[in-house]
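J.: Take a look at the following structure, please.
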Amino acid sequence: MSELLEIIREQLGELLPRLRRFARALARHEADADDLVQLALERALTRAAQWDPQSRLDSWMFSIIRNAWIDEIRARRRRGSQVDVDELAEVVGTDVTGEQIDVMSVQTAMARLPEEQRTAVSLVLIEGLSYKEAAAVMSVPIGTLTSRLARGREALQAMLSPATDTER
Amino acid sequence: MTIPDELLMAYVDGELDAPQRAEVERAMAADPQVALRVQRQQALRRQLQGAFEPMLSEPVPERLLAALRAPAKPVTNDNVTQIKPRTHITSSLSQWMALAASLVAGVLITLLATHSTRDDWMTTHNGSLIARGALASALASQPSGVINAPVQLKFSFKTHTGEYCRSFVIRQQHALAGLACREGGEWRVPMLAAVGNETGQYRQAASELPSAIAQWIDSERAGDVLTTEEEHAALRAGWGR
């Protein structure tokens, strides 16, 4: 058990940058995202025995992060607070180079996607999970995943269309 | 023939088998519109990856590295349990609290039984722990910060649903730390933890709140901890909403 725990710790260390990135796609704010990762690390270490060493640790961690995020959304809804997408304006800022504007616009577009589409897009297009793995992380059938992915992509295309069209 | 978007997306995502791939590639060769649609999907994929790639080289905050190195502490050392999941205020921690509860409930029950603290301080009602006796009176009338008392109140705060909660430590051989929230004229105890247990690997200062309780408070409290004046006013008003 403690040997498994050490293996998990070591692999989690290597995964940390990706876990933070996934959490950032979900939570949108860096501090919230890191809170999420911290909670997920604590949960993972507590439940290390539940991880099947034959399965992918990243998928397992993505599930834990996603569940923690869903809990957080429910808690926020209950207390009536809502994350305002326009808060991102302060992150985007105005005095940035063209390249950064492009980068920010992708993240802003992502931030505007509905929760489930954003998660699907992040898992498949950014984290590179297969449909099967991503569906397992989200606990949905593959058909549900692919339709969320398709709708997410269409919405992103629509929001980013000038940049996408001129890129090629 | 028309090729559905989802097939092209699956192609770009590498999800197709060889015959399906060949079919898409034939369609791309035959129809520039199909080729353009595929290119757009590829461009979007690249754009997303490009936008999120730089995050991977950001330095990882120390607190995350610390969380990684920390022993699986909340369960093993703090002996934290959540007596009953709150129905209308469910902490984001509730899931692992439930796990913690399942692991340490036995420990706690033994603790309560062997030191007969339960009758002195709390009673069970409908599966919840309710403060009684000296604990109930201290919660109702004792200001936070008084040190020389069997029950020490640490601080008071309001939750997002407007209830008052107070954190407390019961000083005795096996100290108990917990949280009590005012509900329906009673002090319900949603969380209770054994602290300063000398049989543990190290001894935690009995005056400190276990990290799990501190985290619960952080996630549930609305606004700051009550000031001395605010607390005094709430105390005089009988802790009503």
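J.: Once amide H atoms are built 1.01 Å from N in the peptide plane, which residues 5 or more positions from B:TRP187, or in another chain, come under 5 Å H to H?
T.: Result for B:TRP187 returns B:ALA131.
J.: Would you grab the residues whose amide H sits under 5 Å from the one on B:MET122? Only those 5+ places off in sequence or on another chain, please, with H modelled 1.01 Å from N.
T.: Excluding prolines and chain starts, which carry no amide H, the hits are B:ARG132.
J.: Simple spin-label model, 7 Å along Cα-to-Cβ: B:GLN33 to B:ALA134 in nm?
T.: 8.4 nm
J.: Another question about this same structure. Once you list every other residue whose beta carbon is under 14 Å from the beta carbon of A:GLY128, what net charge do they have if Lys and Arg are +1 and Asp and Glu are -1? Show your work: numbers first, answer last.
T.: Values: positive: A:ARG18, A:ARG21, A:ARG56, A:LYS132, B:ARG45, B:ARG46; negative: A:ASP58, A:GLU127, A:GLU133, B:ASP13, B:GLU15, B:GLU53.
With Lys, Arg at +1 and Asp, Glu at -1, the net is 0.
J.: What distance in nm lies between label points placed 7 Å from Cα along the C-beta direction at B:ARG171 and B:ALA66?
T.: If labels sit at B:ARG171 and B:ALA66, their model points lie 2.8 nm apart.
J.: Still on this structure: Quick check: from the Cα gyration tensor, does the range A:13-84 come out rounded (a/c under 1.5), prolate or oblate? Mind dumping the intermediate values first?
T.: Details: a/c = 2.57, a/b = 1.73, b/c = 1.49.
Prolate shape, in that a/c is at least 1.5 and a/b is the bigger ratio.
J.: Rounded, prolate or oblate, given the Cα gyration tensor of the range A:1-55, with a/c below 1.5 counting as rounded?
T.: Since a/c reaches 1.5 and a/b is larger than b/c, the shape of the range A:1-55 is classed as prolate.
J.: A further question on this structure: For the range A:122-136, in order, what is each residue's ³J(HN,Hα) by Karplus, 6.51 cos²θ - 1.76 cosθ + 1.60 with θ = phi - 60°, in whole Hz (x at glycine and Pro)?
T.: Along the range A:122-136, the couplings run 5, 5, 8, 7, 9, 7, x, 6, 6, 4, 5, 5, 5, 4, 5 Hz.
J.: Given a Förster distance of 35 Å, report the FRET efficiency between A:SER139 and B:ASP120 from their Cβ-Cβ distance, rounded to the nearest 0.05.
T.: Details: r = 45 Å, r/R0 = 1.29.
About 0.20, to the nearest 0.05.
J.: Calculated FRET efficiency, A:ALA49 and B:ASN148, Cβ-Cβ r, R0 60 Å, to nearest 0.05?
T.: On the way: r = 44 Å, r/R0 = 0.73.
FRET efficiency, A:ALA49 to B:ASN148: 0.85.
Quick note: the coordinates plus some simple rules give every number you see, no bench work behind them. Bear in mind that the values here come from a model prediction, so they are computed numbers and not experimental data. In this analysis, Cβ positions are derived from the backbone assuming ideal geometry, glycine residues included, and neighbour counts consider all displayed protein chains.
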